[in-house]
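The values are calculated or read from the model by the stated rules, or taken from the named source; none is laboratory data. Predicted model, so just to flag it, every value in this text is computed and none were measured. Cβ coordinates were reconstructed from backbone atoms using ideal geometry, including for glycine residues, and neighbour counts include every protein chain displayed.
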């Protein structure tokens, strides 16, 4: 098979036959920065994982013993977010401390001594992530909202309406995912961006949603390669192929426009809903067409080999794409780190059946931590940008699960982030945003207190990428990014079982704050 | 959906003061109102399903309307069907539908068969586009794949690439072009050839004659690159909105109705007879005639059965065998007939097709019959071993009956019972029965944590384990599991994990144990349980005691909810659209209610003859 090759720069050898080039093209920088001094571009990667339900023991810092104890809490710094004992609730005090202080080397874990006795944050975030301890943030108390919202894939990336198991959330206004929104925003790429593919995404399930909130399918490594690099491809055969396809898409686009313009005949007027559908289709065709536009630019040496199909290939493509500026936004749906044939039923939803099942689940996340997170971070860190900085130095990578430590719980959804995005974020923290005075939450579980709305995390991510509240206040109803299920009604019908204490879990003040970036991590 | 009290009060129950009470308290209070015991019973049913399991209920029980044929005064919460709302609630939605993946493939098959009459050519073409068709995304979270009409860039791209693959396959071979375009394709200046092809092929692609503007546009496409004009035309047409979507105008005409009929019965484009009828405008009488004709076609029998089975019973989501489990491996090796786990899985799916094919078309069964027969259809020895029967020859004149009392039709087919693992998974079985056969909706559990203080002994039966975890007093699990999920699942405990009838359960050592895969002990199983079902004929909620799956089957078929659920599923399948919460009552009732002896074939025929099926909505939502 003939290689698609663009030669001029040096290569890194991939493990599965994928070769990618890594140097940042300084020529890209002026386009990205128009000031006197060079402003380095920013990058973001969203990593999502199915399920969650990791269990407190294996996810939370081991230095906390898996659950909080007063003695541990006393070691943390406190900050009062809200005060008062009125109907709006009670004092809301958050806690934070240096994550480094939580490193521990606990022995006797059922998973074995997988880190060879080294200190680590937790079993899942093992010693392999220690090099990132000071550029990492560990969050507790980021909540999906006041009602259960199972399998909220879209919640991970900013579309609160993309929730599988809750009609309440599905009926909320849809919003684009953060990567799509940023990709369209002139403040991120500039008003005259020539990015043919402003974002990339891969994995078995889409984390990316367009402006209508419709999911955008994931890509194979080969597809991704084509999307990202074909515009730099000078291979005559490829150019001819692209020209052919571009022409065809032109024709098809016109065919769709004909439908809305009455060319399908008298009496064939379509409804306004269908017109909207056709317009959406035209937009998708335009997206498709961008793939087939060849330019005379170059993006270093990027070589595709026949079998570029693995996760490692995809991560290398992402790193190469970031390095040469082909895109600066990515979303990854992490593959399940287990080959169990009935993972969903027999493992993820049976974690309490036995310790062995629990460890299959835990190790699946640890696998992701090593094979997705660490490799991604290493790739970005080893990718030189400019001025002695790496792509990682300008990046925000965050890893969020569908649930918190208990499967199907949207309370304290599992979330860690890496990178300070060019100094935009304070890092190296463990932050607990829960209001530990408030018992008006899901079941009477250990540590079950309401925290802050996940929209504040979206605001944080957008802030890290250089946007302000004014830039995203129009995305949904309200000023926050994405929808909120605004309800301070509690408890639910059967919450009598949960041991609630008639506290309002999400008083109005939290909705008012939903458009703000998270304290501690931003500001100071 | 949770019922609220005000709506009950509006219906004359006067029960608002009881809202929010527990089930028991509500029952006690209601018991005092003996003069209105009937209504109290129904309220208890609502309480059970609407409050106890806070977000679950039977969707069908959505309003209280009289049901003909039941005793005087009895009222049943059923699908809403207000005459004044009938029009806007039942008609097709205004948005055109996208072809499902399977329909896209079948339509391409029928399109090129219609033109070429060449099976070999079409098979070759289908092979060419298989990768793109397989890559078309299918939304797996929805109840029916049909309900997903989302179009993403991945859909657009795969459709485009499939069109290119098909066009390249045809245009790269002159003999194939002869069959699709005609021998005149060799002369690229033969404009008559071009126009004839555009009009003939375009009519099939768009499922209606082309307008002059369309003809003009496709002529332009051809002329833009005349050397490969036919190839370009094929790509553009196969990607066109008229092909990819079922585009309907505001004024529905005969062609729209022809497509509605064809995508229900054929799962594909209209055949020539439908085209001919469409040209005449498709009167109601013509629709009836076409339905009668279609229902006799072997291709309809095959495609309709398979598509209905796939969509209703989610066959594409059939579990795989958990071969990582030592217990599963042990159980598989304990079977006499060797077969790969995947082949076993496929054989179970095939049996569902065979079962429904026989029941619907040969036996001309009523819905109830699906649950009351003891026939099984094991085409292969591995499945016959599960049933303890001979292999079925495939001949409907030589049916195979399971041993007496062991099987209850669809409810106890191996596919229905199989959950992939070494356990029977009563919860999953119960949910399956509740959702598939009663259209119940359950909230996803908030978490999977085991309540504190629960001890699970290794020698617990699956039933004991399930009850211990989910029926622990004071937990949020109880409301759904105790009354709804578990009883349905427990009634199937006479069938092992692979669907084999059993009197005792082989309990394996835990998978963490050194002796995993080995049997720890054998214990007798019990399928005795008690479920809550509304007795519609007596107008009260009853606790129905069950001894086994046959009892459950009888309870289901003696309750109108199951039949209405089936009708709702079939109607949604026919429309390819999901009813919104309050929609569908009139249509479903009209389809399912005319006669207690109505067969499934009659039901399938009746749907397409509903006024709502063949009419449209205008902007104002009023039928024209």
- Message: Name the single residue that is farthest from the other protein chains (Cβ to nearest Cβ) among those in the stretch B:456-474 being over 26 Å from residue B:402 (Cβ atoms), in contact (Cβ under 8 Å) with a residue 12 or more places away in the chain and part of a loop (DSSP other than H, G, I, E, B).
- Response: B:459
- Query: Which of the helices (runs of 4 or more DSSP H) contained wholly in the stretch A:130-227 include at least 1 residues that are more than 14 Å from chain B (Cβ to nearest Cβ), modelled with pLDDT of 85 or more and farther than 24 Å from residue A:317 by Cβ?
  - Reply: A:153-157, A:186-189
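Pick from the stretch B:376-387 the residues that are touching a helix residue (DSSP H, G or I) at 6+ places or on another chain (Cβ under 9 Å) and surrounded by fewer than 20 Cβ atoms within 10 Å (Cβ to Cβ): which of them is farthest from residue B:308 (Cα to Cα)?
B:380
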- Message: Being part of a helix (DSSP H, G or I) and either away from chain A (no Cβ under 14 Å) or in contact (Cβ under 8 Å) with a residue 12 or more places away in the chain (or both) is true for just one of B:296, B:302. Which residue is that?
- Response: B:302
- Query: Out of the stretch B:415-435, which residues are away from every other protein chain (no Cβ under 11 Å) and in contact with a strand residue (DSSP E or B) (Cβ under 8 Å, 6 or more places away or on another chain)?
  - Reply: B:417, B:424, B:434, B:435
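When only residues in the stretch B:475-498 that are in a loop (DSSP other than H, G, I, E, B) and more than 13 Å from chain A (Cβ to nearest Cβ) count, which is farthest from residue B:548 (Cα to Cα)?
For the stretch B:475-498, the residue satisfying everything is B:498.
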- List the number of the failed condition for residue B:390; all other conditions in (1) buried (at least 19 other Cβ atoms within 10 Å of the Cβ); (2) touching a strand residue (DSSP E or B) at 6+ places or on another chain (Cβ under 7 Å); (3) part of a loop (DSSP other than H, G, I, E, B) hold. (1)
- Query: Residue check: is residue A:274 assigned to a helix (DSSP H, G or I), in contact with a strand residue (DSSP E or B) (Cβ under 9 Å, 6 or more places away or on another chain), modelled with pLDDT under 80 and facing chain B (nearest Cβ under 10 Å)?
  - Reply: no
- Item | residue B:350 being surrounded by fewer than 20 Cβ atoms within 10 Å (Cβ to Cβ), within 18 Å of the chain's Cα centre (by Cα), without any contact (Cβ under 8 Å) to a residue 60 or more places away in the chain and part of a helix (DSSP H, G or I) | yes
- Options A:296, A:254, A:314; residue that is part of a helix (DSSP H, G or I) and either at pLDDT below 85 or more than 10 Å from chain B (Cβ to nearest Cβ) (or both): A:314
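Can you confirm whether the stretch A:485-495 contains a residue that is over 16 Å from residue A:145 (Cβ atoms) and modelled with pLDDT under 65?
Scanning the stretch A:485-495, I find at least one residue that is over 16 Å from residue A:145 (Cβ atoms) and modelled with pLDDT under 65, so the answer is yes.
Rundown of residues vs (1) surrounded by fewer than 16 Cβ atoms within 10 Å (Cβ to Cβ); (2) in contact (Cβ under 8 Å) with a residue 60 or more places away in the chain, yes/no style:
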position: B:329; (1), (2): no, yes
position: B:336; (1), (2): yes, no
position: B:340; (1), (2): yes, no
position: B:346; (1), (2): yes, no
position: B:354; (1), (2): no, no
position: B:359; (1), (2): no, yes
position: B:363; (1), (2): no, no
position: B:366; (1), (2): no, yes
position: B:371; (1), (2): no, yes
- A careful count of residues in the stretch A:57-73 that are within 18 Å of residue A:433 (Cβ to Cβ) and at pLDDT below 85 gives 5
- Query: Looking at (1) at pLDDT 95 or above; (2) within 13 Å of chain A (Cβ to nearest Cβ), which is the only condition residue B:291 fails?
  - Reply: (2)
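Give the residue, chosen from B:501, B:508, that is away from chain A (no Cβ under 14 Å) and either surrounded by fewer than 17 Cβ atoms within 10 Å (Cβ to Cβ) or touching a strand residue (DSSP E or B) at 6+ places or on another chain (Cβ under 9 Å) (or both).
Only one candidate qualifies: B:501.
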- Note on the structure: With criteria (1) crowded, with 19+ Cβ neighbours inside 10 Å; (2) facing chain B (nearest Cβ under 7 Å); (3) farther than 18 Å from residue B:237 by Cβ; (4) at pLDDT below 85, residue A:288 comes up short on (3)
- Among the residues of the stretch A:309-339, which ones are surrounded by 24 or more Cβ atoms within 10 Å (Cβ to Cβ) and more than 30 Å from residue A:387 (Cβ to Cβ)? A:334
- Any residue in the stretch A:231-246 that's within 14 Å of chain B (Cβ to nearest Cβ) and part of a helix (DSSP H, G or I): show its pairings with residues that are surrounded by 16 or more Cβ atoms within 10 Å (Cβ to Cβ) and at pLDDT below 80 at Cβ separation under 7 Å, as long as the two are six or more apart or on different chains. A:242/A:230; A:242/A:292; A:242/A:294; A:245/A:292; A:246/A:292
- So which helices (runs of 4 or more DSSP H) are wholly in the stretch B:145-253 and hold at least 2 residues that are more than 13 Å from every other protein chain (Cβ to nearest Cβ), touching a residue at least 12 places away in the same chain (Cβ under 8 Å) and within 30 Å of residue B:286 (Cβ to Cβ)? B:191-206
- Determine, yes or no, whether residue B:111 is within 25 Å of residue B:235 (Cα to Cα), modelled with pLDDT of 80 or more and within 19 Å of the chain's Cα centre (by Cα). no
- Residue list for the stretch B:250-283, restricted to those being in contact with a helix residue (DSSP H, G or I) (Cβ under 7 Å, 6 or more places away or on another chain) and modelled with pLDDT under 90: B:280, B:281, B:282
- Scan A:183, A:111 and give me the residue that is touching a helix residue (DSSP H, G or I) at 6+ places or on another chain (Cβ under 6 Å), surrounded by fewer than 24 Cβ atoms within 10 Å (Cβ to Cβ) and touching a residue at least 24 places away in the same chain (Cβ under 8 Å). A:111
- Message: Can you tell me which condition residue B:259 does not meet? The list is (1) within 13 Å of chain A (Cβ to nearest Cβ); (2) in contact with a strand residue (DSSP E or B) (Cβ under 6 Å, 6 or more places away or on another chain), and all the others hold.
- Response: (1)
- Task: Could you list all residues from the stretch A:338-347 that are within 22 Å of residue A:311 (Cα to Cα) and more than 7 Å from chain B (Cβ to nearest Cβ)?
- Result: A:338, A:339, A:343, A:344
- Note on the structure: Within the stretch A:411-431, the count of residues that are closer than 23 Å to residue A:335 by Cβ and part of a loop (DSSP other than H, G, I, E, B) comes to 3
- Task: Please enumerate the residues belonging to the stretch A:401-415 that are surrounded by 24 or more Cβ atoms within 10 Å (Cβ to Cβ) and in contact with a helix residue (DSSP H, G or I) (Cβ under 8 Å, 6 or more places away or on another chain).
- Result: A:401, A:402, A:405, A:407, A:410, A:413, A:414
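To keep it simple, each residue is scored yes or no on (1) more than 10 Å from chain B (Cβ to nearest Cβ); (2) closer than 30 Å to residue B:421 by Cβ.
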site: A:359; (1), (2): no, yes
site: A:384; (1), (2): yes, no
site: A:394; (1), (2): yes, no
site: A:400; (1), (2): yes, yes
site: A:423; (1), (2): yes, no
site: A:428; (1), (2): yes, no
